[in-house]
Amino acid sequence: MVLSKTASESDVSVHSTFASRYVRSSLPRFKMPDNSIPKEAAYQIINDELMLDGNPRLNLASFVTTWMEPECDKLMMAAINKNYVDMDEYPVTTELQNRCVNMIAHLFNAPLGDSETAVGVGTVGSSEAIMLAGLAFKRKWQNRRKAEGKPCDKPNIVTGANVQVCWEKFANYFEVELKEVKLREGYYVMDPVKAVELVDENTICVAAILGSTLNGEFEDVKLLNDLLIEKNKQTGWDTPIHVDAASGGFIAPFIYPELEWDFRLPLVKSINVSGHKYGLVYAGIGWVIWRNKEDLPDELIFHINYLGADQPTFTLNFSKGSSQVIAQYYQLIRLGYEGYQNVMENCRENALVLKQGLEKTGRFNIVSKDNGVPLVAFSLKDNSCHSEFEVSDMLRRFGWIVPAYTMPADAQHVTVLRVVIREDFSRTLAERLVIDITKVLQELDTLPSKISAKISGEDGKLKNGMVVKKTAMETQREITDAWKKFVMARKNQIC
């Protein structure tokens, strides 16, 4: 089922000025037209509407790659009509995927012998990769519990409250209880100590995040591994770790090579990474790698032969394009270790330029860490008159798309803005963004507070018949809620 909301309720037709030389009558907006139209008209109608989309290069909300070299673009267009699942018909494409899996497995220090091949698969993104890894953990846990004669109907998974929504989807879709470690102000990642405290005999795995979506911070996988080893010894359990390295998997090996977060840690059994983030490929490619064959139950792998030969498959979907797989292989051999290192170091340096520029304004607190995903998360020191949501909204006038959002439980009262630094975000753009943010702040200073106007009559509450002034925390939460409703009311949402 597709959940959608129409952008226009008042007009049921699509019009195009330039296409009128081919088509005089308007087209129905939500129904297929009865008659064909010239290809030029179809192109012009769609092109006219797409002009109103934001500029992907200025979309600083997204981690997803928005620029690749023309040579790679050519390879992708040449393969756009290849269905990856037809492995017997496109054996070279299959070979390129296998090469990518092995390259990434070695990058993550998988314990492979000289002639041993890695265990992994390409996916449409980290969401599918996480679903597959989660299913493997659930099935292994169920098999072990059945062998021990114990119930296996109440699996759970331990994560931080900062996890991406795909983990909530996995828990919901595959009936696994999600046990979240709550956050607190100043500490916006999963606390390993609290995570291990939540582990019980029904825990299929603990999920650690290498690069939090909220502030880019790497969670301490090494400490989690050490604490979990100790708890497993005490209890006799065998609780493993999955590392969600969607953002950080192509960063840490190149600029933090000494950091232990991957298969060097014995309890890390699987890792996912997004090729379309810092793997530097356009949207549509992710990877999941298992430590060894024993960590992927055989019963989850299906074998088909109706495409020409016996083919093993372990994916949630079936058909998918080959272009992104080919593009990932291009980037791996084109850049090599040196090239990826140069790109990631440059991103980190540009993030530092932006951070320093924001600090010089004297108006922001920096929430992100220097070591982690190259992004800058920041909040207003004083948001009593104007909020981060208002700054985000006004920056759109300059073309910038900078998201504002609240932190998860128990830090909902904290609101931040976030700028993701990608390969195509230059130092010049960073300096320009600081200038535009300064202009926004100066303009806001001249405007009356919209927030104050909204809640001026509600700045107190009754207690025993007397008006008691609200605390700063209560006021801030009201401000945040008011602006969340204001911003969401202005957005057209399509799922």
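Taking each of Lys154/Lys194; Lys138/Lys320; Lys222/Lys360; Lys74/Lys369; Lys277/Lys355; Lys179/Lys293 in turn, the alpha-carbon distance tops 32 angstrom for Lys222/Lys360; Lys74/Lys369.
Scanning residues 5 or more positions from Gly120 or on other chains, those with amide H under 5 Å from its amide H are Trp290, with H placed 1.01 Å from N in the peptide plane. Over the residues of the chain, the helix contribution to mean residue ellipticity at 222 nm works out to -12500 deg cm²/dmol, using -39500 (n - 2.57) for each DSSP H run of at least 4. The overall shape of region 176-322 is oblate: from the C-alpha gyration tensor, with semi-axes ordered a ≥ b ≥ c, the ratio a/c is 1.5 or greater and a/b is no larger than b/c.
Can you classify region 101-230 as rounded, prolate or oblate using the Cα gyration tensor, where a ≥ b ≥ c are the square roots of its eigenvalues, rounded means a/c under 1.5, and otherwise it's prolate if a/b beats b/c and oblate if not? Rounded, because the longest to shortest axis ratio a/c is under 1.5.
Once Cα extents along the principal axes in Å is calculated for the structure shown, the corresponding label among (1) 95, 53, 48; (2) 84, 64, 37; (3) 70, 68, 45 turns out to be (3). Given a 1.4 Å probe and the protein chains as shown, His276 ends up with an accessible area of around 20 Å². Phi-derived couplings, Karplus 6.51 cos²θ - 1.76 cosθ + 1.60 at θ = phi - 60°, listed residue by residue for region 49-63: 5, 5, 4, 7, 5, x, 7, x, 5, 9, 7, 8, 7, 9, 8 Hz, with x used for Gly and Pro.
In terms of its C-alpha gyration tensor, region 241-336 has an oblate overall shape, because the principal axis ratio a/c (a ≥ b ≥ c, square roots of the eigenvalues) is not below 1.5 and a/b does not outweigh b/c. Atom-type composition of the exposed protein surface of region 192-250 places 50 percent of the accessible area on carbon and sulfur (1.4 angstrom probe). Beta bridges assigned by DSSP with both partners in the chain are antiparallel in approximately 65 percent of cases.
Looking at region 18-122, the GluC sites (Glu not before Pro) that sit in a DSSP loop and have at most 16 other Cβ atoms within 10 Å of their own Cβ are Glu89, Glu116.
The values are calculated or read from the model by the stated rules, or taken from the named source; none is laboratory data. As the structure is a prediction and not an experimental result, all values here were calculated from the model. Virtual Cβ from ideal backbone geometry, glycine too; neighbours counted across all protein chains shown. Calculation scope for accessible area: heavy atoms of the full protein, side chains included, ligands and nucleic acids excluded. Shrake-Rupley method; radii C 1.70, N 1.55, O 1.52, S 1.80 Å.
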